[in-house]
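A short write-up of the structure that comes next.
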Amino acid sequence: MTDLPSQHVESSKRTLDSTDTTTSPDHGHAEKRQRSAVDEEHPLCRLKVRDIVHQKRGLAELDETATVDQALQLMHDFSITCVPIFTLHPGRWLAAGGTEILSSGKKYIGLVTLYDVVTFLVLHHKEGNVGHHRAVDLIGSSLEGQSLFSVHETDSLRRALELLCKRMHRVLVQPEDPQHPIRILSQTDVVVFLNTHASLFPVLERTTVPGHRPDLLLQPAHFVSISADMNTLEAFQRLRTEGVMAAPVLNAAGKIVGTLSSSDLRNVVWRARGSTAPGTQVVSLDNPVFACLLEHTVSSFLSALEVRPAVTLPRSATLLDAVRRVAETKVHRIWIVDAEDHVVDVVSLSDIIGTVFATTH
């Protein structure tokens, strides 16, 4: 990533370090004016979406005829967790949420995520030829997929974070030049950016993880746990029932030994064939994959996929510690544990982004 314009960085530092000590009778009005001034000068208001996405590649996407198998293939090849679906026949499709996003003759219908695939598998696992279903039919399987959100690359980062702190995991970015490709801005992109420019956001270092959720922005922590000896398909069913994308895996002593995530499904497909090479044709989402899910416990499933250990932090950690771990590992959540490795809380990317966003008010 290239360095940000120096005038933005220096101005942002001065703004965050300044304090108004007004004590006049008009203090209420002065305080309101101060909040307005800080809002306009805040780094998130001065910096633009393009400061993050300008080096990102264009979309890895599929048209409305693509199958679920093809969507998983693309996710595997590009190490992504969602695929935008477009149509060259705009008049035939209504996009998710009624949003109109057009580019180079394409109309974007919606996003298919790995969580959508998990939901679909859980509901249709007894049917044959599951992987041959159209990927477009999975749009809207999750709450996030029921709308298609976008920002412009000239929008402020604050505008993007306003969406991303409300459990939206990604937004499409429309270019200023219509000849340039549409890109995706993800929560991970934002947190990596925060890590690189942490000095602009002191709230991260002064906020400890037990109190990380800004009032009125985010709901209390919600996580469920999975037993290490649970059947893998049943575990994925529980993720879907509880409406979560991942869960800590606990051993018989209640200690965390891993994380089961919908993103694990991206790799189980090519593991069934025994190939990791990009472009290798994966098997269909039928017998080999379901045999894997049915035969494995969660513990053996994670071991077979060589899934890395769960990322944890102690209660004494700060949000800056969490940001650094996310930037290092690219995980989407950090489990907070006590001295006995029992999970007591979770810090999500939404929590991190929401905390920073709250400082713009």
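Overview of results
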| read-out | value |
| --- | --- |
| Pairs with Cβ under 9 Å, 6+ apart, first in region 218-243 and under 18 Å from residue 348 (Cα atoms) and modelled with pLDDT under 85, second of a type in the set (Val, Ile, Thr) and in a loop (DSSP other than H, G, I, E, B) | 222/244; 223/244 |
| From 63, 77, residue being modelled with pLDDT of 90 or more, open to solvent by 40 Å² or more (accessible area, probe 1.4 Å) and of a type in the set (Asp, Glu) | 63 |
| In region 170-188, the residues that are crowded, with 18+ Cβ neighbours inside 10 Å and more than 22 Å from residue 103 (Cα to Cα) | 187 |
| When residues of region 89-116 are limited to those that are of a type in the set (Val, Ile, Thr) and farther than 25 Å from residue 130 by Cβ, the one modelled with the highest pLDDT | 101 |
| Out of 94, 163, sole residue that is open to solvent by 40 Å² or more (accessible area, probe 1.4 Å) and of a type outside the set (Gly, Ala, Ser) | 94 |
| Condition check for residue 115: open to solvent by less than 50 Å² (accessible area, probe 1.4 Å) and touching a strand residue (DSSP E or B) at 6+ places or on another chain (Cβ under 7 Å) | no |
| Residue in region 259-271 that is part of a loop (DSSP other than H, G, I, E, B) and either at pLDDT below 90 or not acidic (Asp, Glu) (or both) present | no |
| Helices (runs of 4 or more DSSP H) enclosed by region 294-361 - at least 2 residues per element that are under 20 Å from residue 238 (Cα atoms) and open to solvent by 10 Å² or more (accessible area, probe 1.4 Å) | 298-304 |
| Output for region 98-110, where each listed residue is open to solvent by less than 20 Å² (accessible area, probe 1.4 Å) and either touching a residue at least 24 places away in the same chain (Cβ under 8 Å) or of a type in the set (A, V, I, L, M) (or both) | 101, 103, 108, 109, 110 |
| Cβ-Cβ under 7 Å pairs, at least 6 apart or on other chains, region 295-315 side over 23 Å from residue 326 (Cβ atoms), far side surrounded by 13 or more Cβ atoms within 10 Å (Cβ to Cβ) and of a type in the set (Ser, Thr, Tyr) | 296/232; 297/232; 298/232; 301/232 |
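The values are calculated or read from the model by the stated rules, or taken from the named source; none is laboratory data. Please read all numbers here as calculations on a predicted model, not as lab measurements. Quick reminder, even Gly has a Cβ in these numbers, built from the backbone with ideal geometry, and neighbours come from all protein chains shown. Accessible surface areas use protein heavy atoms only, side chains included; no ligands, DNA or RNA. Shrake-Rupley method; radii C 1.70, N 1.55, O 1.52, S 1.80 Å.
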